[in-house]
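Trainee: Quick one: the structure is below, questions incoming.
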Amino acid sequence: MLISAWFYRIFLSGGTLGIISTFIASKILDPTLFFIVYSLGFGLCKGFLYPSVMYAAWSHLPGRKGLASGVVVSGMGVGSFIFGIICNKMVNPNNEKATRDINTSENYFTIDVNARVPFMFEMLCLIWTCQLIFAGLTVSAYKS
């Protein structure tokens, strides 16, 4: 049986809003506004993904809720690790080192590396859209 409609709507709306906010953030040039849109949009909306996946895992392993929760949280953590590597390869494929500004003691990447950041966010939105569609079609729960 498919997961209950309430959890399913939360899952899809949270994922969709997270993708949309990330896409909007990729177009913003002001750093402060970018951080506000990206962190609030993606960060809060990612939290909408947990409850339905946890509910589905708990329904499949009712006597092992701790194990089910650990697998879900670990899976999302591993996903973040893997996407960190993917993002690094998209933005900085030649593994260029940042240069240090003597006056401000800050590190800066070249314009080529910086110019790839919006493209990276757009590609992540495409990947996440495919994942959301796949998850929406496959997530299920037993009726308790």
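Trainee: Based on DSSP H runs of at least 4 residues, each adding -39500 (n - 2.57), what is the mean residue ellipticity at 222 nm of the chain after dividing by all its residues, to the nearest 500 deg cm²/dmol? Could you put the intermediate results ahead of the total?
Mentor: Values: 7 runs with 101 residues, N = 144.
Helices in the chain give a 222 nm mean residue ellipticity of -23000 deg cm²/dmol.
Trainee: Enumerate the helices in the chain for which the Kyte-Doolittle hydropathy averages 1.0 or more and the C-alpha atoms extend at least 27 Å along the helix's axis, using complete DSSP H runs.
Mentor: 65-91, 117-138
Trainee: Follow-up question, since we're still on this one. Extension gain Thr104-Trp6, at 0.36 nm per residue separation less the Cα-Cα distance, in nm?
Mentor: Separation in residues times 0.36 nm, less the Cα-Cα distance, equals 30.2 nm.
Trainee: Within the chain, count lysine pairs with alpha carbon atoms under 24 angstrom apart where the residues are 8 or more positions apart or belong to different chains.
Mentor: Lysine pairs meeting both conditions in the chain amount to 6.
Trainee: Moving on to the next point. Send over a whole-number figure in Å² for the accessible area per residue of the chain, probe 1.4 Å. Write out the running numbers ahead of the final one.
Mentor: Values: 9440 Å² over 144 residues.
Solvent-accessible surface per residue comes out at 66 Å².
Trainee: Quick check: residue separation of His60 and Ile86 times 0.36 nm, minus the Cα distance between them. What number comes out in nm?
Mentor: Here the answer is 6.2 nm.
Trainee: How much length is gained if the chain between Met76 and Leu40 is pulled fully straight, taking 0.36 nm per residue apart and subtracting their Cα-Cα distance, in nm to one decimal?
Mentor: Extending this stretch completely gives an extra 11.1 nm.
Trainee: Taking the highest mean first, how do the peptides 102-114, 62-74, 8-20, 118-130 order by number of other beta carbon atoms within 10 angstrom per residue?
Mentor: Ranked from most to least packed, the peptides come out as 8-20, 118-130, 62-74, 102-114.
Trainee: Where the accessible area of the chain is counted over protein heavy atoms with a 1.4 Å probe, how much of it, in %, is carbon and sulfur?
Mentor: Result for the chain: 71 percent of the exposed heavy-atom area is carbon or sulfur.
Trainee: Where a ≥ b ≥ c are the square roots of the eigenvalues of the C-alpha gyration tensor, would you call region 40-82 rounded, which needs a/c under 1.5, or, failing that, prolate if a/b is larger than b/c, or oblate? Before the final figure, lay out each step's value.
Mentor: Details: a/c = 3.54, a/b = 1.63, b/c = 2.18.
The shape class here is oblate.
Trainee: Can you check what the Kirkwood hydrodynamic radius comes to for region 1-65, Cα pairs only, in Å to one decimal? Don't skip to the end; give the middle numbers.
Mentor: Values: mean 1/r = 0.0772 Å⁻¹.
About 12.9 Å, per the Kirkwood formula over Cα pairs.
Trainee: Regarding region 16-144, what whole-number volume in Å³ per residue does the convex hull of its Cα atoms give?
Mentor: Output value, Cα hull per residue: 128 Å³.
The values are calculated or read from the model by the stated rules, or taken from the named source; none is laboratory data. All values reported here derive from a predicted model rather than from experimental measurement. Note: ideal-geometry Cβ built from the backbone for every residue, glycine included; neighbour counts use all protein chains shown. Heads up: the accessible areas ignore ligands, DNA and RNA and are worked out on the full protein's heavy atoms, side chains in. Shrake-Rupley method; radii C 1.70, N 1.55, O 1.52, S 1.80 Å.
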